[in-house]
1. Quick check on D130: is it free of Cβ contacts under 8 Å to residues at least 24 places away in the same chain, assigned to a helix (DSSP H, G or I) and surrounded by fewer than 15 Cβ atoms within 10 Å (Cβ to Cβ)?
2. Could you tell me which of the residues D139, D101 is without any contact (Cβ under 8 Å) to a residue 12 or more places away in the chain, closer than 28 Å to Y204 by Cα and surrounded by fewer than 18 Cβ atoms within 10 Å (Cβ to Cβ)?
3. Among the numbered criteria (1) outside any helix (DSSP H, G or I); (2) closer than 19 Å to A55 by Cβ; (3) hydrophobic (A, V, I, L, M, F, W, C), which single criterion is violated by L75?
4. Can you tell me how many residues in segment 228-258 are more than 16 Å from S187 (Cβ to Cβ) and of a type in the set (K, R)?
5. Name the residue, out of A217, A222, A265, A243, that is surrounded by 21 or more Cβ atoms within 10 Å (Cβ to Cβ), small (G, A, S) and assigned by TED's automatic domain parsing to the domain that holds V189.
6. I want to confirm something. Restricting to segment 143-171 and keeping residues that are charged (D, E, K, R) and touching a Ser or Thr at 6+ places or on another chain (Cβ under 8 Å), which single residue is farthest from P107 (Cα to Cα)?
Amino acid sequence: MFKNKLNISLSILLVIIITIAGCKSKYEKLRASNDTARKYREAIKFYENKNYNKALPLFDDLVTKYRGTAEAEDLSYYYAYTHYKLKDYTTARYHFKTFADTYASSPKAEECRFMAAYCFYLESPTYSLDQDNTLKAMDALQLFINLHPKSERVPEASKLIANLRAKLEQKSYENAKLFLDIGDYKSAVIAFRNSERDFPDTKYAEEMEFLTVKAQALYAGASLELKQEERYNEAIQLANEFAVNYPSSKYLKEIEQIKKNSEKAIVDVKKLIAEEQALIEAQTAKQKKQEDTKNNSNE
């Protein structure tokens, strides 16, 4: 009984292996075939059935053979989308752009130019990484809008640009905060100001202005004594501007404390400088008196 079941199982397994081998053999024969028309039809079928891994090698074989023919346009279109479906966005982007440039009068040209830009968008990394592709995606999407201002895809392209801009905004904000966290207060002040200049409508505006005040006060405190008064005054001025701009801010108490601390620090540093100056003058006078006494004794 057990032996019969084992034989049946082995037979079924053998049938499956033969079937798979037969299918593979059929596909390989198709790839090696010189029947380009049949290969084209089968490639389209594979694509429509979402079997992109099998469609791609066939399209690879066909693109050069159909170059300059009536079928070349549709083939190029499918070829670009096959790479896109396989998430090879770099290659897909190239072929979408090539299609748009080569077949500029095609009804599909607008779509392909948008898709080329969209592939850049998909390759835009997280905000913490290099944003070169983000900038290129924004340029490509803006170019699409400029070339096709009446396209129904313009709202989507504008939304994608806004998403990318938000990523750059976050990177700018986080970079500025990093300077503050590591104690490079001067660079933090500059970075926060640059970020507000580059993104005037940023959602981080209130927090960044608060952190600018904080960084400026810390910068003043870490400065040489002779520079502290000027830099604390800058912190006080920024604190006053913040209170005017955000009269209901949750940071107002901290801002007021920074302002009071800065005003006290100015008084303290002035006193310290005056004491140091008085000490220097006293030492200078003492030294001069000693020299005068020595000169008189020599006479």
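The values are calculated or read from the model by the stated rules, or taken from the named source; none is laboratory data. If you're wondering where the values come from, they're calculated on a predicted model, not measured in any experiment. Here the Cβ positions follow ideal geometry from the backbone for every residue, glycine too, while neighbour counts run over all protein chains shown.
1. So D130 does not fit the description; no.
2. From the options D139, D101, the qualifying one is D139.
3. Unmet for L75, out of (1) outside any helix (DSSP H, G or I); (2) closer than 19 Å to A55 by Cβ; (3) hydrophobic (A, V, I, L, M, F, W, C): (1).
4. Count: 2.
5. One residue alone meets the criteria, A217.
6. K171
Yes/no per residue for (1) in contact (Cβ under 8 Å) with a residue 40 or more places away in the chain; (2) among the charged types (D, E, K, R); (3) not in a helix (DSSP H, G or I):
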position	(1), (2), (3)
S172	no, no, no
A176	no, no, no
A191	no, no, no
R231	no, yes, no
E234	no, yes, no
S248	no, no, yes
E263	no, yes, no
